[in-house]
Each structure stands twice: as structure tokens, then as C-alpha cells.
Amino acid sequence: YGLGLSFSYLITGGLGIQFRLDYNISSKLEAAESGSTYQMTWSWEDGRGPFDLDDAWDVSGELSVFPVSLNLIYKLQSGGMWAPYFSGGVSYFMGNAKVSSVRGLGITWEADGSRFLDYLSVPLGIDESLSHLGFNLGAGLDILFSPGFGVNLDAAYFMGKSSDLTWQHTAGEYAGTYFPENSWTLDQDFVQLLDGEVSALDVNTSFFKIQVGIKVLF
């Protein structure tokens, strides 16, 4: 759901140009009940195992997309209170995706003749612009109650692009989950190697919109 504003100017007959802004209220991204799951399976050299360790984290954030469009519009000149029209043109999509989660990173080490296994909870996120050029096609109907006032019914399909957004890990010092007295430092070079290991977030900015509004004629 969102808000819309448009201005149309007829050049000749029923043909004209239209400027429109379609503001979509930001949508929250919610994870499934299981969230993002991390699992390790291992066996010890003495034959014990296999053992499993797993945990889950939520994915949260917001996705906002709103296009500004410049269209050609053709309005059928019926002369009555019903005035259907068709429109289409170029749209410039603006907005961004801001998402965060946590990833489990397995750690093993030896001490005093024993081997230990733990994992670190490493934050990762996405903060990228979704700005790009696209297109739109639409149709609508003006219902005029007087020469200067009426209501508008409008339907439009906005054709944007699909993007694979890469998760970015955060460098820093992290304590173990089961052995919190131990900590490890992940520098920027190391976390950059981790960035490509998590599946990208697929975002499709195309959408279909139906709206009802007030029509004012000058």
C-alpha cells in the first residue's frame, strides 16, 4: 500500500504527457519461523560421532521502492462523466534495501591434548540502493461529477529489475558461544572472504498497483 500523485497535460485531442509519483510505504522483511539455520556435523578421530550442532537466527529489515514516471497518456474523449485512458512510459525507481542477520562461524582448536569445537555469531547485513531505470504500463478511468472534479480508478504495472544483493560480514572481536572465555578477531580481509559464502538476497522491484483517488481538472 502507498500514496500516489500524478499530473497530466493533454497536448492535442486525447494525447498528452503525464508525470506521476508512486510512493510505496516501506515493507518490513520478516524471516520464516526457522530463521537462518546454521548446522555443523563432525566425528572425532577415535570413532565417536557423528555429532550435530545447530542454531537459528532471524532476518529482519526493510525494503523500500518508489518510482517516478514520465508517460504518454491517451484519454478517450467520450464527452460524458466516464473518461477511460491508457498510459505508459519510463520510470526511475528509487529506494533501498536494508537487512540484517547473524551467521554462525565454526571454530576448532586444541588445548592440553584435547580438541574443542565452538561457533561465533557474526553479524552480517545488506544496505544497498535500488535506484535504476524501468518502465510502466497502465490504464484507468476518470469518473467526473462536475467539469472540474471527480474520482480516479487506476491500475499500473511497474517493470523494474531483479538484483542479487550480497551480504556483508562485520569485522571485529567475537567470543565463543559455548566457551565465552575465548575470543577471536576477524579482520576485514577475512570477513571479505566470508561475504561470498552466504546465498545472495534476491530482490525483484517489479510490482502491480491498483489505486483510487481524487481527480481535479484545471
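The values are calculated or read from the model by the stated rules, or taken from the named source; none is laboratory data. Since the model is a prediction, treat every value here as computed from it, not as a measurement. Using ideal geometry, Cβ is built from the backbone for each residue, glycine included, and neighbour counts are taken over all protein chains shown. Quick note on the areas: whole protein, heavy atoms, side chains included, nothing else; ligands and nucleic acids left out. Shrake-Rupley method; radii C 1.70, N 1.55, O 1.52, S 1.80 Å.
Here is how the numbers come out for the structure above:
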read-out	value
Options 130, 217: the member that is at pLDDT below 95, open to solvent by 20 Å² or more (accessible area, probe 1.4 Å) and of a type in the set (A, V, I, L, M)	217
The listed residue being under 30 Å from residue 75 (Cα atoms), in contact (Cβ under 8 Å) with a residue 24 or more places away in the chain and open to solvent by 50 Å² or more (accessible area, probe 1.4 Å), out of 116, 179, 135, 158	135
The one condition in (1) farther than 30 Å from residue 188 by Cα; (2) loosely packed, with under 15 Cβ neighbours inside 10 Å; (3) touching a strand residue (DSSP E or B) at 6+ places or on another chain (Cβ under 8 Å) that residue 52 fails to fulfil	(1)
Selected residue (criterion: surrounded by the fewest Cβ atoms within 10 Å (Cβ to Cβ)) from residues of the stretch 28-49 that are modelled with pLDDT of 70 or more and among the aromatic types (Phe, Trp, Tyr)	44
Test: residue in the stretch 183-200 that is open to solvent by less than 50 Å² (accessible area, probe 1.4 Å), more than 30 Å from residue 4 (Cα to Cα) and more than 27 Å from the chain's Cα centre (by Cα)	yes
Every pair of residues 6+ apart whose Cβ atoms lie under 6 Å, when the first sits in the stretch 1-21 and is closer than 11 Å to residue 75 by Cα while the second is open to solvent by 80 Å² or more (accessible area, probe 1.4 Å)	14/74; 14/77; 15/74; 16/9; 17/9
Unmet criterion (only one of (1) open to solvent by less than 40 Å² (accessible area, probe 1.4 Å); (2) at pLDDT 90 or above; (3) out of contact with any Asp or Glu (no Cβ under 9 Å at 6 or more places or on another chain); (4) not hydroxyl-bearing (Ser, Thr, Tyr)) for residue 72	(1)
Qualifying residue in the stretch 202-210 (condition: under 30 Å from residue 81 (Cβ atoms) and surrounded by fewer than 17 Cβ atoms within 10 Å (Cβ to Cβ))	yes
So residue 103, is it part of a strand (DSSP E or B), open to solvent by 40 Å² or more (accessible area, probe 1.4 Å) and touching a helix residue (DSSP H, G or I) at 6+ places or on another chain (Cβ under 8 Å)	yes
